[in-house]
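Engineer: Please find one structure pasted underneath; my questions will follow.
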Amino acid sequence: LKSLTEHLWFEVPNRRGFVNITPKIEELVHRSGVSEGLCLVNAMHITASVFINDDEPGLHHDYELWLEKLAPHAPTTAYRHNRTGEDNADAHLKRQIMGRCRNYQGQTGFRPVGTNFLRRIRRATAEAGAG
Amino acid sequence: LKSLTEHLWFEVPNRRGFVNITPKIEELVHRSGVSEGLCLVNAMHITASVFINDDEPGLHHDYELWLEKLAPHAPTTAYRHNRTGEDNADAHLKRQIMGRCRNYQGQTGFRPVGTNFLRRIRRATAEAGAG
Amino acid sequence: LKSLTEHLWFEVPNRRGFVNITPKIEELVHRSGVSEGLCLVNAMHITASVFINDDEPGLHHDYELWLEKLAPHAPTTAYRHNRTGEDNADAHLKRQIMGRCRNYQGQTGFRPVGTNFLRRIRRATAEAGAG
């Protein structure tokens with residue numbers, strides 16, 4: 001049974017950002033040599049999401065506004081989680097909306113469209129491998 | 001290692017619709033000959049969802065109202081994505097709530113209850129295989 | 001191909017509750033003898049969720065308030081699903097936000113952080129195996 005595991009690291013310059021990781025995933029699926037199987041792409045940080053959708057700037061803008069409406073960042077004191085000294089409770093909520101991971105079936109020639117990676121900047125490198 | 005892949009196509013008459021695909025999935029799991037394994041059921045269109053819940057008309061009605069409240073279709077000009085000429089930005093948001101795919105463990109005799117398929121009608125056949 | 005399936009049962013004393021099942025999952029992954037593979041943890045009740053996040057009381061409190069804001073329990077008559085004699089339509093909605101299942105890659109030494117189990121108390125034992 002063939003398998004390939006790879007840990008990817010991302011840093012985005014702002015509090016939130018979208019990174020299209022589809023080319024990277026395609027490359028890894030190709031490198032795995034698996035012609036039919038499952039590919040699990042999951043965010044290892046609990047304020048990050050992996051989702052599949054259009055890589056279209058207008059849509060990303062809409063997601064930003066929408067997530068901010070459903071789970072506003074401020075006032076940060078509105079969240080009990082922030083009493084721990086963090087200010088990212090909203091990101092823990094937003095990530096539940098956007099989802100944590102995506103599975104797709106990897107077949108030769110299969111191309112997932114618009115896999116994007118919503119990434120909270122803070123604590124990115126320090127904690128991305130922790131959960 | 002046994003596996004079976006099948007691409008299913010659906011068309012619904014209205015902008016949104018619920019299709020119970022559980023019988024179809026059960027049939028495919030049976031046909032695969034796999035007695036213990038994983039079954040991935042994922043929507044190949046980025047405004048569609050696959051979810052598991054009651055196939056109960058009242059609940060579907062509640063989902064409709066709720067999704068429309070969280071991500072209203074109109075005014076379509078409120079979404080930057082719609083400047084691309086589409087009018088379905090809300091569906092891209094709604095689908096994040098309902099989820100894209102469901103995995104379940106397929107064992108002989110296992111019956112997933114209420115697998116439903118939320119499907120946006122527009123562009124259904126043209127793009128369902130594209131992502 | 002090694003595999004292990006286990007059905008876990010939970011009861012929580014109130015309408016909603018959070019149960020950290022990470023230690024149990026780790027134990028099962030260890031017991032499976034699988035050193036590299038996929039682990040599917042899915043809620044078999046359609047008003048329950050499995051999600052991965054901090055096991056932090058403040059965050060759980062935030063999730064409670066947030067889910068209640070997005071999909072209020074009362075008035076129960078606001079939901080058509082409740083005409084069936086149930087009063088849990090809101091839980092069917094909340095569960096869509098929190099997600100149904102989580103996959104993670106099980107490698108020796110891998111530790112998923114903060115797997116929690118959101119569980120509606122009612123009908124817990126009677127229906128947990130039904131879907």
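Engineer: State which residue is nearest to the other protein chains (Cβ to nearest Cβ) when the search covers only segment B:48-87 and only residues that are under 17 Å from residue B:12 (Cβ atoms) and surrounded by fewer than 22 Cβ atoms within 10 Å (Cβ to Cβ).
Structural biologist: B:61
Engineer: A follow-up question, please. Can you find a residue in segment A:70-86 that is modelled with pLDDT of 95 or more, under 17 Å from residue B:95 (Cα atoms) and not in a loop (DSSP other than H, G, I, E, B)?
Structural biologist: Yes, the conditions are met somewhere in segment A:70-86.
Engineer: Sticking with this one: Which residue, of A:74, A:91, A:78, A:43, is more than 25 Å from residue B:82 (Cβ to Cβ) and touching a strand residue (DSSP E or B) at 6+ places or on another chain (Cβ under 7 Å)?
Structural biologist: Going through A:74, A:91, A:78, A:43 in turn, the sole match is A:43.
Engineer: Please go through segment B:6-25 and pick out each residue that is under 12 Å from the mean Cα position of the chain (by Cα) and among the hydrophobic types (A, V, I, L, M, F, W, C).
Structural biologist: B:8, B:9, B:10, B:12, B:18, B:19, B:21
Engineer: Here is a follow-up. Filter segment A:48-74 down to the residues that are touching a helix residue (DSSP H, G or I) at 6+ places or on another chain (Cβ under 6 Å), more than 16 Å from residue A:22 (Cβ to Cβ) and of a type outside the set (Asp, Glu) and list them by number.
Structural biologist: Hits for segment A:48-74 are A:58, A:61, A:66, A:67, A:71, A:73.
Engineer: Out of segment C:47-69, which residues are of a type in the set (Gly, Ala, Ser) and in a strand (DSSP E or B)?
Structural biologist: The one that is of a type in the set (Gly, Ala, Ser) and in a strand (DSSP E or B): C:49.
Engineer: If you don't mind, there's one more thing I want to ask. Considering only segment A:1-45, state which residues are modelled with pLDDT of 85 or more, in contact with a His (Cβ under 8 Å, 6 or more places away or on another chain) and part of a loop (DSSP other than H, G, I, E, B).
Structural biologist: If the condition is that a residue be modelled with pLDDT of 85 or more, in contact with a His (Cβ under 8 Å, 6 or more places away or on another chain) and part of a loop (DSSP other than H, G, I, E, B), then A:15 is the only one that fits.
The values are calculated or read from the model by the stated rules, or taken from the named source; none is laboratory data. In this text the structure is predicted, and so the values were computed from the model without any measurement. Quick reminder, even Gly has a Cβ in these numbers, built from the backbone with ideal geometry, and neighbours come from all protein chains shown.
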